[in-house]
1. Looking only at residues in region 1-28 that are assigned to a helix (DSSP H, G or I) and free of Cβ contacts under 8 Å to residues at least 40 places away in the same chain, which one is surrounded by the fewest Cβ atoms within 10 Å (Cβ to Cβ)?
2. Kindly provide the set of residues from region 77-108 that are assigned to a loop (DSSP other than H, G, I, E, B) and surrounded by 21 or more Cβ atoms within 10 Å (Cβ to Cβ), ordered by number.
3. Looking at PHE145, PHE123, can you tell me which residue is aromatic (Phe, Trp, Tyr), part of a strand (DSSP E or B), surrounded by fewer than 21 Cβ atoms within 10 Å (Cβ to Cβ) and modelled with pLDDT of 95 or more?
4. Does region 54-71 contain any residue that is assigned to a loop (DSSP other than H, G, I, E, B) and at positive phi?
5. Would you check if SER21 is small (Gly, Ala, Ser), out of contact with any His (no Cβ under 9 Å at 6 or more places or on another chain), closer than 11 Å to GLY104 by Cβ and modelled with pLDDT of 95 or more?
6. Tell me which residues, restricted to region 28-62, are of a type in the set (Ser, Thr, Tyr) and under 12 Å from TRP103 (Cβ atoms).
7. Within region 212-233, how many residues turn out to be in contact (Cβ under 8 Å) with a residue 60 or more places away in the chain and either in contact with a helix residue (DSSP H, G or I) (Cβ under 7 Å, 6 or more places away or on another chain) or in a helix (DSSP H, G or I) (or both)?
8. Using beta carbons and a limit of 7 Å, which pairs, at least six apart or on different chains, have the first residue in region 29-46 and over 22 Å from MET228 (Cα atoms) and the second one of a type outside the set (Val, Ile, Thr) and modelled with pLDDT of 90 or more?
Amino acid sequence: MQKTVVAILQDHQPGFHQVVSFHPESDRLLLMDFTENNGDISEELVNDTHRFSDYINHKLRSANAKFGIGGYNEYRELYIRSRVFDSEAGEEPRRLHLGIDIWGKPYTAVMSPWEGIVHSFAFNNYFGDYGATLVISHNIQGISFHTLYGHLSLNSIKNYREGENVRKGDIIGEFGIPMENGQWPPHLHFQVIIDMEDWRGDYPGVCKHSEGEKYLENCPDPDLILQMMRYAL
């Protein structure tokens, strides 16, 4: 029987390269909650990119954390900040997050966890969208999957060609600043996608709650690769 993507990722965890430079013996990692349980989050805060960035930075400094992390399968009302996540009038909006966010300093280096090829890239330049986005295709033991990197800098994608080889551990991009990352505080949206469904340079990172089962099956937990959540405090 052919192994599933999840089983393949579990089997190869010791071989994955770090996506960001994090050393648990010396670096602190802050678990960040953007559900309704976080009383700090308000529409006024998330609609103001400068205030939102100050909030993230304050949280990281207070915890002496190199990165904040979290968000997979998390229901987030903060997406009210952008019409990108709206549906037709009267329909359910998109609020369920399908990736893991790593919050940190602008221009933080992002590395490929495994060898692959550039699938596609794009500048999704709408308020609240991914901004500069890169998708890499991987294959392990005949099983294909993709990794998506959202909210990068424009410099990250300026020299790529589709089909270009990427080596494990290559620096493939960097955290962008708001003017190029969709107007978000600097962070990386990291997502694993099995079937890209004809998307190029983009794929939903947030879905309707009612469609969660379908999307979560196609987008397994990114921590299978990152292996960082166990260190979050």
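1. Just the residues of region 1-28 that are assigned to a helix (DSSP H, G or I), to begin with: 5-11, 13-15.
Going one step further and asking which of them are free of Cβ contacts under 8 Å to residues at least 40 places away in the same chain, we end up with 7, 11, 14.
On the way: ALA7: 12, ASP11: 12, PRO14: 6.
This residue is PRO14.
2. Matches in region 77-108: LEU98, GLY99, GLY104.
3. Working: PHE145 fails: surrounded by fewer than 21 Cβ atoms within 10 Å (Cβ to Cβ).
Only one candidate passes the filter, namely PHE123.
4. Yes, because at least one residue in region 54-71 is assigned to a loop (DSSP other than H, G, I, E, B) and at positive phi.
5. Numbers: small (Gly, Ala, Ser): yes; out of contact with any His (no Cβ under 9 Å at 6 or more places or on another chain): yes; closer than 11 Å to GLY104 by Cβ: yes; modelled with pLDDT of 95 or more: yes.
Here the answer is yes, as SER21 does meet what is asked.
6. SER53, TYR55
7. Looking only at that region, the number is 11.
8. ASP40/TYR55; ILE41/PHE34; LEU45/ARG51; LEU45/PHE52; LEU45/TYR55; VAL46/PHE52
The values are calculated or read from the model by the stated rules, or taken from the named source; none is laboratory data. Everything quoted here is computed from the prediction, not taken from an experiment. As a convention, Cβ positions derive from the backbone with ideal geometry for all residues, glycine included, and neighbour counts pool all protein chains shown.
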